[in-house]
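This report refers to the structure that appears directly beneath it.
The values are calculated or read from the model by the stated rules, or taken from the named source; none is laboratory data. This one's a predicted model, so the numbers in the text were calculated from it and none came from an experiment. Methodologically, a virtual Cβ is constructed for each residue, glycine included, from the backbone with ideal geometry; neighbour enumeration extends over all protein chains shown. Accessible surface is based on the protein model in full, side chains and every heavy atom, while ligands, DNA and RNA are left aside. Shrake-Rupley method; radii C 1.70, N 1.55, O 1.52, S 1.80 Å.
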Amino acid sequence: MTESKVNSYVTFVIDHPWWTLAAVVLGCALFAQNILQLRPSISYQDMLGKDHPKLIDYEHIQRQYTRDDNLLVLVEARDGDAFDAETLSAVRAMTEKLWRTPFSIRVDSISNFQHSYARGDDLVVSDLVPGPDGAGRSPARVRAVALNEPLLLNRATNRTGNVVAASVSFAFPNQDASEKLEAYAYVMALSRQLEATHPQLRTHVSGLIALDATVMELSQRETGLFLLLVIAVVVLLLTLFMRALIPVVLSILVCLFSIVMALALAGAMGWKLTPFTASVPLIILIIAVADCVHIVITYLHQLTTRSDKITALRLALQHNLGPVAITSLTTAIGFLSLNFSQSDAIHALGNEVAFGVMAAFVFSVSFLPAALRLLPAPRRAPPSMIGAPRHSARLARLVERQRRPILAVSALLIVGLGLSITRNEINDIVPHYFAQSLPWRQANDFAEREFGGAYTFSWSLNSGAGNGVSDPIFLAKVARFVDWLRSQPDVVYVNSVTDTFKRLNKNMHGDVASFYRLPDDKALAAQYLLLYEMSLPYGLDLNNQINLDKSSLRVQATFRTLSTKEILAMERKVADWLDTHMHETGALGSGVQLMFAHMMSKDVAALVFGATAGLAVISLCLILAFRSWRIGMLSLAPNLVPALAAFGVWGLSVGQIGMGLAMVSGMTIGIIVDDTVHFLYKYLLARRQKKLSTRAAVEYAYVTVGPAIVFTTLVLISGFLLMTFLAEFRVNSDMASMTSIVLAFALLFDLLVLPALLLSIDTAVDTESEPRVPQQA
């Protein structure tokens, strides 16, 4: 935009504030109606994208068998014996009530496990704990059966017998978050009721639905309470620095308008509110306030030298319109680089924040100055601004004197921290995304301690023909696969219908132990299966293990908690075994953790490439904006180095890069460039228009924009640190903590290294022999 157009725009906003306000408010109100279309979601389709290859595999298995959507209720006996008569009776009563859970289709419990045994020539199939009070089978007998049944051990009870479990499976008609929350609330109320009536018992509720409900709760909390807390902190910091209520209130309104615009965009585009996008309002609030601060500080500074409010506003807008436009654009580009991710939710995060940042630019150069034009001006300058120029000038002279040591120390620091980046490894553990204070995390950790693991993966094996699951050859191969899985050190439980076939074969031979093996004849195996299925009660069919035409069966294995690298290694190991021994079955493996492990492993490389592309575009923008290849390339150092240094610090202190950190590079490159742009903009203004020397131009930049750079960075760091401590979803907390580290390094580099580089490199002929900053800079 040419200088004449900038002046025309500034004149219109200052001379026609009511028209400006009307246009902004009307446009905002019309577009904001789309926010009514925004819906929360915890579905994998909205987080990963419906075309994600692993999600397609997962949904294929879910359509063939009973869905994995479940709630797992763990009942712990405080006295160490979960198989006494009273506990078994309580669990049986709870199981019957769990059948009434909204949207439930199946309940598998220690009490209703379909235990089969021989009675003469008859096959008897009945609940393991029959009768209203467990009458008919002693607790000791129930315990003996449970601890020796491979389908129950480490699934419905643990090895010590102090914990038993019931699993509720669901079929949600709309896969809607409200449906899952309703089911979770019912089961949680039932578990509390059990604890109230049986104080000797303690319950824990885990499972995928509990995880989804926890994620939904965190999303609502981070867009509600956390947003209010961050607003309070930002208001406090702005008030302390500006000491003027009206600019503070208007700055917060700009941020809120920007948030509304971003959420309205999500509603208009059909994007859902997911755990990833729940942090959008917080990020926009923290970033958008910087635009307002630069304009307001210049306005307040001009008021200290000119009594004319209109002139002060005009100069504030003229001086900041260019740099604020550039910084908003570069910040948006940084967030748009998140579109290189494989996750639709991360795409939405980047796009919403980018749109919100650009909306903040529009509001800060229209709504903010127009409102300041109509409202009373502060009567005196904030105390923080009176001494700031003097301190800034001292810092400028210090950097000038010590520029060589500053560059040497920074170079050593960069090399040292750069080498430490190699200590990081791309790894993650999904349960560790959640704070230990959350009930789901506690229940998951409890299940892992007592049952050995909480990660369940499935493999669908195709026999190649209808009713082929009864083929002895096919069953023998599946049994070898099951035995191989059970021999793996990370596997704690395997569920396969082959165990049922073995038990039925033993039952039909008078329960003789030597007949605990697979039937040798296909017709006989099919008869066993049919007889067993006809004996099963409603809701407890074998569709959780066998598909409808009996051409395929599912093998499920529970593993100890694995990291991302371990999950992918496990997948390759299992795939190699199946390819060697059962390639004709077309084995298809899937699992929730497997989907996210693949997304994580591929997203890091994709997001690093996106950050690199974003940096290239940002660099081109700066070269064009500054009209100087040398200055544009010089700006790369303070924009690239802070992220490298921060990852070096992370390598020394943590060493693991998860989902949250994978997004940091692209995000922060767009954010940290703001301070660089403002500093270089003022520096070039002094060099080109005021004809100052390099030293004088550096001091001019320090005096005019230094305090604003320091304050806006402190606001950003404070906001992200608050996210670090408040966020209970580790993806967001890691992202916030790393962003805080990057911003801290960026502030140091912008205030120390960038000026030292300018003093050393920008050796064009000076028009001033000594640094001189005008008194009214």
In nm, spacing of pseudo-spin labels at residue 644 and residue 118 (7 Å Cα→C-beta vector): 7.5 nm
In Å², nearest 10: area of residue 621 left accessible to a 1.4 Å probe: 30 Å²
For the chain, whose charge dipole is built from +1 on Lys and Arg Cβ atoms and -1 on Asp and Glu Cβ atoms, the candidate among 738, 705, 199 with its Cα farthest towards the positive end is 705
I'd like the accessible area for residue 407, computed on protein heavy atoms only with a 1.4 Å probe and all protein chains in place. Round to 10 Å², please. 40 Å²
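Counting only other residues whose beta carbon sits under 13 Å from that of residue 467, what net charge do I get with K and R as +1, D and E as -1?
On the way: positive: 522, 550; negative: 471, 533, 549.
That sum, taken over residues with Cβ under 13 Å, equals -1.
Return an integer: the convex hull volume of the alpha-carbon atoms of region 608-653, in Å³ per residue. Working shown, then result.
On the way: hull volume 2.5 nm³, N = 46.
Per residue, the Cα convex hull of region 608-653 comes to 55 Å³.
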At 1.306 mPa s and 10 °C, Stokes diffusion of region 43-108 via Kirkwood alpha-carbon radius, µm² per second: 106 µm²/s
Assigned charges on the beta-carbon of Lys, Arg, Asp, Glu; region 1-116 dipole about Cα centre (debye): 460 debye
Rounded to the nearest 10 Å², the 1.4 Å probe accessible area of residue 612 is 80 Å²
Along region 392-402, what does the Karplus equation 6.51 cos²θ - 1.76 cosθ + 1.60 (θ = phi - 60°) give for ³J(HN,Hα), rounded to whole Hz, x for Gly and Pro? 5, 5, 4, 5, 4, 5, 5, 5, 4, 6, 10
Specify the angular offset, from 0 to 90 degrees and rounded to the nearest 10, of the alpha carbon long axis of helix 730-748 from the longest principal axis of the alpha carbons in the chain. 20 degrees
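Cα-based Rg of region 573-654 per 2.2 N^0.38 Å, rounded to two decimals?
Working: Rg = 21.7 Å, N = 82, 2.2 N^0.38 = 11.7 Å.
In units of the globular-protein estimate, region 573-654 measures up at 1.85.
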Only Cα pairs under 8 Å and at least 6 apart count here; give the relative contact order of region 148-240 as a rounded whole percent. 17 percent
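What dipole magnitude, in Debye to the nearest 20, does the chain give about its Cα centre under +1 on Lys/Arg Cβ and -1 on Asp/Glu Cβ? Walk me through the numbers on the way to the answer.
Details: 63 positive and 63 negative charges, 614 e Å.
That gives a dipole near 2940 debye.
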Beyond 28 Å, what share of the Cα-Cα pairs of region 188-328 remains, rounded to the nearest whole percent? 42 percent
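Provide Rg over Rh for region 521-620; use the alpha carbon set for both Rg and the Kirkwood Rh (inverse mean inverse pair distance). Intermediate results must be reported in sequence, preceding the final value.
Details: Rg = 21.7 Å, Rh = 17.8 Å.
Over the Cα atoms of region 521-620, Rg/Rh equals 1.22.
Nothing charged except the Cβ atoms of Lys and Arg (+1) and of Asp and Glu (-1): what's the magnitude of the dipole of region 163-255 about its Cα centre? Round to the nearest 20 debye.
Working: 5 positive and 7 negative charges, 73 e Å.
That gives region 163-255 a dipole magnitude of about 340 debye.
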If unit charges are put on Cβ atoms (+1 for Lys and Arg, -1 for Asp and Glu) and the dipole of the chain is taken about its Cα centre, the option from 424, 345, 633 lying farthest towards the positive end turns out to be 633
On C-alpha positions alone, give me the angle between the axis of helix 17-32 and the longest principal axis of the chain, in degrees, nearest 10. 10 degrees
Considering only 113, 147, 172, whose Cα is most displaced toward the positive end of the charge dipole of region 103-220, charges sitting on Cβ of Lys, Arg (+1) and Asp, Glu (-1)? 147
Compute from the Cα atoms of region 629-692 the Rg and the Dmax, the latter being the longest Cα-Cα distance, and quote both in angstrom. 15.6, 50
Per the 1.4 Å probe, what fraction of the accessible area of the chain, in percent, lies on carbon and sulfur atoms? 60 percent
Using only the Cα atoms of region 8-127, what semi-axes does the equivalent ellipsoid have when each is the square root of 5 times a gyration tensor eigenvalue? Give whole Å, largest first. 61, 21, 12
What are the equivalent ellipsoid semi-axes of region 263-386, built from the alpha-carbon gyration tensor (square roots of five times its eigenvalues), in whole angstrom, biggest first? 35, 13, 12
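Per residue, how much accessible surface does the chain expose to a 1.4 Å probe? Answer in Å², no decimals. Kindly include the intermediate steps, with their values, before the conclusion.
On the way: 30600 Å² over 777 residues.
Result: 39 Å² of accessible area for each residue.
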Value at 222 nm in deg cm²/dmol, rounded to 500, when DSSP H runs of n ≥ 4 in the chain each add -39,500 (n - 2.57): -21000 deg cm²/dmol
Can you tell me what percent of all Cα-Cα pairs in the chain are more than 42 Å apart? 42 percent
Based on the alpha-carbon gyration tensor of region 429-505, what equivalent-ellipsoid semi-axes (square roots of 5 times the eigenvalues) come out, in whole Å, largest first? 34, 13, 11
List, largest first, the extents of the alpha carbons of region 94-234 along their principal axes, each in whole Å. 77, 35, 27
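Computed over the Cα atoms of region 237-286, what is the convex hull's projected area averaged over all directions, in nm²? Before the final figure, lay out each step's value.
Numbers: hull surface 14.6 nm².
Orientation-averaged projected area of the Cα hull: 3.7 nm².
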What pairs from 54/477; 502/522; 5/691; 477/506 go past 18 Å between their alpha carbons? 54/477; 5/691; 477/506
